[in-house]
Amino acid sequence: MHFDHGAVPDAYIGYIRKKSWLLFALFSLMAILFLISLCKGAVKLPLSAVVQTLMLDAPSRKADLIVWNIRLPQIVIAILSGAGLAVSGAVMQSVLKNPLASPFTLGISHAAAFGAALSVIIMGTGVMASSSGDAVAISSPVITVATAFSFSIFTALIIIFISGKKGAAPQVMVLTGVALGSLFTAGTMLLQFFADDVQLAAMVFWTFGDLARADWNDIALIAPIVLVLLGFFLVKSRDYNGMAMGDESAKGIGIRVEWVRLSGMLAASLMTALIISFVGIISFVGLAAPHIVRRIIGDDHRFLLPASILTGALILLAADMVARLVMLPHVLPVSIFTAFLGAPVFIYLIIKGNPR
Amino acid sequence: MILTVNQIDFKYKSVKILEDINFSIPRGEITVILGPNGVGKTTLLKCLNKILTPSTGRIHVKDKPLKAMDIRQIAKEISYVAQYNEAGKITVFDAVLMGRYPHIRFTAGKEDLKKVGSVLTHLNLSHMALKNLYELSGGELQQVAIARALVQETDILLLDEPTSSLDLKNQTRILSLVRHIVQDHNLAVIMTMHDLNSALRYADQYICLKNHTVFGAGKIEEIRSDLLTKVYGLPVEIIRHKGYPLVVPVEDASKAA
């Protein structure tokens, strides 16, 4: 049976072009926000100075320091974290066929928080640095990051192992995640109960998502992994489209459903575990960004995934800028503003969106 | 024969679902699998393209053992339309394009898009190419699923209860469409079905399952009412109205039980 004499409808070509323009618009918006974000802060810099500094021709030592040492690492980590969390959320929702899937639902964030709390209380990484407002700090961030990462990836592996035993059914993964999340929350509470004031403050401090924590060394470690995983997800977008038809239909066209589900979950868990362990818990982006995008661009993963990457980056960039500007010279935790910015948009889209 | 099934058994957690199943499927005909609820019709269909793997036995597709074929190779030979098709925010054109999956390595080329255009025209679905699946009725969704199976360009088409959720008009539309496809493309179609009247009207061959094994098989025009009576446990007669065969129960199910 062959169908070789068809024509591609012009309307379809126009439709694809429109979606591509939407992606381009999102990218342009991100680029603009990137530049604005470099200009804004406790010290305002003119756009020309920022551009010159980026082209390694800084007009002053101060501009060079502010752009390269303070703002750019924070903005780069915002883009990487936002993109990574959003696309991981989108993939988790798709492969688990559950709109509530996110690092929170699957217990990965709770596990990271428990790991950080454990490092603070057992390994003594929480210290009182001075008597000023920002007194509490993590003395050995490497240990805290490593412990948080170990627990979150351990959680992801447990979920994947149990689902593997049960045939990777979506509800098994989510239910296991919920149970593990409760377990780690209880564990964290137990640690907090026995912690002294400084340790307790250090634990709470860690759970605030904070992009200023990351420096160029951290970025050098995070960026290659995040970029490889983003590439992996984009290559797999056709598989995720096939799985949206239902597992049996997907198998009928030759998709190895269980493998796509497990590899997607593993990659998404690795991505979120990595990001959370470096910047703390950033709520909302992983859950809401893909939903916002789905309502605007649809469920076609060829567009959904790149749009989620860009939207996640945009939300975190915007939240980071607001967090830096709203109470100058204090910088508030970015995770507060991801929810403040995203939730109203999300609720608006739920009310106005297509009936599904 | 394009597909042969030899002595397959299927167990689910040590419960026997299928036992010693044997049959062969020719090209250019519609074969219908009949039998009461829970007898294993859908399980049998899913064994034919390795969605499920039989515990024992052999299945050959064009003389190649199914066991040795990977899922992508199978998808080039056998397409499958599930009983329920999920409807997301994805266009009809893109949903049908998914049928090209086993033939595409990285991204769909112009030829793939042309084939989708051709199938949509063939099935008179071009007008809805840019509609989202969630905007479609059950009958339209089923047609899109069949279009996806056609664009897969296989010689065998498996349909699981293709008319179970459709109204009368859509039932006849879908089954007439399948009939035309078989004639035009010399395909082998295997479908499970509960509606005996549609089965007798549109199929060429039947396979009747009872007690998890083949109880009877043959040409559809040779099917006898006593066979159906034994298979379904309810006395029935086959009458003809305006040339069409109709299966009529001649006793209430409560009495028969």
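The values are calculated or read from the model by the stated rules, or taken from the named source; none is laboratory data. Everything quoted here is computed from the prediction, not taken from an experiment. Backbone-built Cβ (ideal geometry, glycine too); neighbour counts: all protein chains shown. Just the protein is used for accessible areas: all its heavy atoms, side chains included, with ligands, DNA and RNA removed. Shrake-Rupley method; radii C 1.70, N 1.55, O 1.52, S 1.80 Å.
Quick check: from the Cα gyration tensor, does chain B come out rounded (a/c under 1.5), prolate or oblate?
Numbers: a/c = 1.94, a/b = 1.35, b/c = 1.45.
Since a/c reaches 1.5 but b/c is at least a/b, the shape of chain B is classed as oblate.
Near A:ASN241, once Lys and Arg are set to +1 and Asp and Glu to -1 for all other residues with Cβ below 9 Å from its Cβ, the sum equals -2. Phi angles across the range B:79-91 convert, under the Karplus curve 6.51 cos²θ - 1.76 cosθ + 1.60 with θ = phi - 60°, into 3J(HN,Hα) values of 9, 9, 10, 6, 5, 10, 10, 6, 10, x, 8, 9, 6 Hz, Gly and Pro given as x. Starting from the Kirkwood radius over alpha-carbon pairs of the range A:51-125, derive D by Stokes-Einstein at 20 °C in a medium of 1.002 mPa s and give it in µm² s⁻¹. Estimated diffusion coefficient is 137 µm²/s. If you take all other residues with their beta carbon under 9 Å from the beta carbon of B:ASP9, and give Lys and Arg +1 and Asp and Glu -1, the sum is 0. When +1 charges are put on Lys and Arg Cβ atoms and -1 charges on Asp and Glu Cβ atoms, the dipole computed for chain B relative to its Cα centre reaches about 500 debye. Dipole size of the protein assembly as shown about its Cα centre, with +1 on Lys/Arg Cβ and -1 on Asp/Glu Cβ: approximately 540 debye, rounded to the nearest 20. In plain terms, the chain from B:LYS219 to B:TYR134 could stretch by 26.7 nm, reckoned as 0.36 nm per residue minus the Cα-Cα distance.
For A:VAL95, what charge total do you get from the other residues with a beta carbon under 11 Å from its beta carbon, if Lys and Arg give +1 and Asp and Glu give -1? Intermediate values should be presented prior to the final figure.
Working: positive: A:LYS97, A:LYS236, A:ARG261; negative: A:ASP239, A:ASP247, A:GLU258.
Here the count lands on 0.
Using a Gaussian network model of chain B in which every pair of alpha carbons under 10 angstrom is joined by a spring, one finds that among B:GLY99, B:GLY216, B:GLY28 the greatest mean-square fluctuation is at B:GLY216. Restricting the trypsin sites (Lys or Arg not before Pro) of the range B:59-148 to loop positions (DSSP other than H, G, I, E, B) with no more than 14 neighbouring Cβ atoms within 10 Å leaves B:LYS62, B:ARG105.
Find the sum over both chains of the accessible area lost when A and B are paired, probe 1.4 Å, and report it in Å² to the nearest 100.
Values: alone 17130 and 13110 Å², together 26680 Å².
About 3600 Å² of accessible surface is lost on pairing.
Please label the shape of the protein assembly as shown as rounded, prolate or oblate, based on the square roots a ≥ b ≥ c of the eigenvalues of the alpha-carbon gyration tensor (a/c under 1.5 means rounded; beyond that, a/b larger than b/c means prolate, else oblate).
Working: a/c = 2.99, a/b = 2.04, b/c = 1.46.
Note, shape of the protein assembly as shown comes out prolate.
In what order, largest first, do A:ASP196, B:ASP112 sit by accessible area if the probe radius is 1.4 Å? Mind showing how you got there, number by number?
Values: A:ASP196 80, B:ASP112 20 Å².
Descending accessible area places them as A:ASP196, B:ASP112.
Please identify the chymotrypsin sites (Phe, Trp or Tyr not before Pro) of the range B:85-149 that satisfy two criteria: DSSP loop assignment and at most 10 other Cβ atoms within 10 Å. Which are they? Sites meeting the loop and neighbour criteria: B:PHE106.
Count the DSSP beta bridges whose two residues both fall in chain B, then state the antiparallel fraction as a percent rounded to the nearest 5. Don't skip to the answer; put the middle values down first.
Values: 27 of 44 bridges.
So the antiparallel bridges amount to about 60 percent of the total.
Residues whose amide H comes within less than 5 Å of that of B:ILE2, counting only those at least five positions distant or on another chain, are B:ILE25, B:ARG27 (H built at 1.01 Å from N in the peptide plane). Ligands, DNA and RNA left out, the accessible area of the range B:1-58 computed with a 1.4 Å probe is 47% carbon and sulfur.
With every protein chain present, what is the per residue accessible area of the protein assembly as shown (1.4 Å probe, Å²)?
Details: 26680 Å² over 613 residues.
That works out to 44 Å² per residue.
Per-residue SASA remark: B:GLU222, around 120 Å² accessible (1.4 Å probe; ligands, DNA and RNA not included).
For A:SER102, the solvent-accessible surface with a 1.4 Å probe is about 0 Å², rounded to the nearest 10. Out of all DSSP beta bridges in the protein assembly as shown, what portion is antiparallel? Express it as a percent rounded to 5. Of those bridges, close to 65 percent are antiparallel. Exceedance of the 20 Å cut-off in Cα-Cα distance is limited, within the set A:LYS19/B:LYS110; B:LYS16/B:LYS76; B:LYS41/B:LYS230; A:LYS18/B:LYS89, to B:LYS16/B:LYS76. If I build a Gaussian network model for chain B, linking alpha-carbon pairs within less than 10 angstrom, which residue out of B:GLY243, B:GLY109, B:GLY233 has the largest mean-square fluctuation? Looking only at B:GLY243, B:GLY109, B:GLY233, the largest GNM fluctuation is found for B:GLY243. With the charge dipole of the protein assembly as shown set up from +1 on Lys and Arg Cβ and -1 on Asp and Glu Cβ about the Cα centre, the Cα lying farthest toward the positive end among the listed residues B:ILE174, A:THR155, B:LEU120 is that of B:LEU120.
Here the 3J(HN,Hα) profile of the range A:39-48, calculated from phi with Karplus coefficients 6.51, -1.76 and 1.60 at θ = phi - 60°, is 7, 8, x, 4, 10, 7, 10, x, 4, 4 Hz, Gly and Pro shown as x.
Residues whose amide H lies under 5 Å from that of B:CYS208, counting only those 5 or more places away or on a different chain, are B:LEU34, B:PHE215, B:GLY216, B:ALA217; hydrogens are built 1.01 Å from N in the peptide plane.
Label sites at A:MET123 and B:THR53, each approximated as a point 7 angstrom past Cα along Cα to Cβ, lie 4.2 nm apart. Qualifying trypsin sites (Lys or Arg not before Pro) in the range B:165-234, where qualification requires a DSSP coil assignment and no more than 11 other C-beta atoms within 10 Å, comprise B:ARG224. Once you order the gyration tensor axes a ≥ b ≥ c over the Cα atoms, which shape class does chain A get: rounded for a/c under 1.5, otherwise prolate or oblate by comparing a/b with b/c? Taking the square roots of the gyration eigenvalues as a ≥ b ≥ c, chain A is oblate.
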